[in-house]
Amino acid sequence: MECPIVQCWPVLFLIFINDLDSSLVNSVLKFADDTKLFGRVNSDVDRAVIQSDLDRLLEWSNVWQMPFNSSKCMVMHLGKKNMKYQYSMDHVLQAVSAEKDLGVYITDDLKPARQCQEAYSKASKALGLIARTISFRNKEVF
């Protein structure tokens, strides 16, 4: 029999992190243990606001002893005219051009080509597996 408190852990975690974004200027998305900070950056002032929000997130994580895995933290710059500023959380965050989020590939040009390529690759592998393992290929059986 499972301990009743174990069933409450997800709810307790959500309550625990509920104030994570209370002092931030930019928007935050939270899903399970993933956190995404995002905002529009058109100037050095906007860049400083995002960096300030990152600093506040880091401060919150230190106060509540829930450190971010900063090696998994990344930056994605969107837009052709983006200045591609560097941001930091204990160290300079790596800039990426594509990232998988909840099974969907997001790229810095917001085009679906990477997602389509991944879907094609999975389908091709499945068809290859079928071709290699099924020797009797009668249309009526299929």
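The values are calculated or read from the model by the stated rules, or taken from the named source; none is laboratory data. Predicted model only: the values in this text are computed from it and were never measured. Note that each Cβ is placed from the backbone with ideal geometry, even for glycine, and that neighbours are counted across all protein chains shown.
Inspect the range 64-73 for any residue being touching a Leu at 6+ places or on another chain (Cβ under 8 Å) and modelled with pLDDT of 90 or more and give the result as yes or no. Spell out how you get there, then give the answer.
Restricting attention to the range 64-73, the residues satisfying the condition of being touching a Leu at 6+ places or on another chain (Cβ under 8 Å) are 68, 70, 73.
Filter again for modelled with pLDDT of 90 or more, leaving 73.
Yes, some residue in the range 64-73 is touching a Leu at 6+ places or on another chain (Cβ under 8 Å) and modelled with pLDDT of 90 or more.
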S71 passes all but one of the listed conditions (1) among the hydroxyl-bearing types (S, T, Y); (2) part of a loop (DSSP other than H, G, I, E, B); (3) touching a residue at least 24 places away in the same chain (Cβ under 8 Å); the exception is number (3)
* Yes/no for D44 being over 14 Å from D21 (Cβ atoms) and either modelled with pLDDT of 90 or more or more than 19 Å from the chain's Cα centre (by Cα) (or both) -> yes
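Any residue that is closer than 26 Å to V11 by Cβ, surrounded by 10 or more Cβ atoms within 10 Å (Cβ to Cβ) and at pLDDT below 90 - is there at least one of those in the range 84-103?
Just the residues of the range 84-103 that are closer than 26 Å to V11 by Cβ, to begin with: 101-103.
With the extra rule that they be surrounded by 10 or more Cβ atoms within 10 Å (Cβ to Cβ), the set shrinks to 101.
The next check asks that each one be at pLDDT below 90; those that pass are 101.
Yes, the range 84-103 has at least one match.
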Among the residues of the range 1-40, the number that are of a type in the set (S, T, Y), outside any strand (DSSP E or B) and either surrounded by 10 or more Cβ atoms within 10 Å (Cβ to Cβ) or modelled with pLDDT under 75 (or both) is 1
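When the residues of the range 69-83 are narrowed to those that are surrounded by 10 or more Cβ atoms within 10 Å (Cβ to Cβ) and under 16 Å from the mean Cα position of the chain (by Cα), which ends up farthest from L54 (Cα to Cα)? Spell out the reasoning first.
Within the range 69-83, the first condition is being surrounded by 10 or more Cβ atoms within 10 Å (Cβ to Cβ), and the residues that meet it are 70-71, 73-79, 82-83.
Going one step further and asking which of them are under 16 Å from the mean Cα position of the chain (by Cα), we end up with 70-71, 73-78.
On the way: S70: 11, S71: 14, C73: 11, M74: 12, V75: 11, M76: 14, H77: 16, L78: 18 Å.
Within the range 69-83, the match that is farthest from L54 (Cα to Cα) is L78.
Could you list all residues from the range 90-118 that are among the basic types (K, R) and part of a strand (DSSP E or B)?
K100
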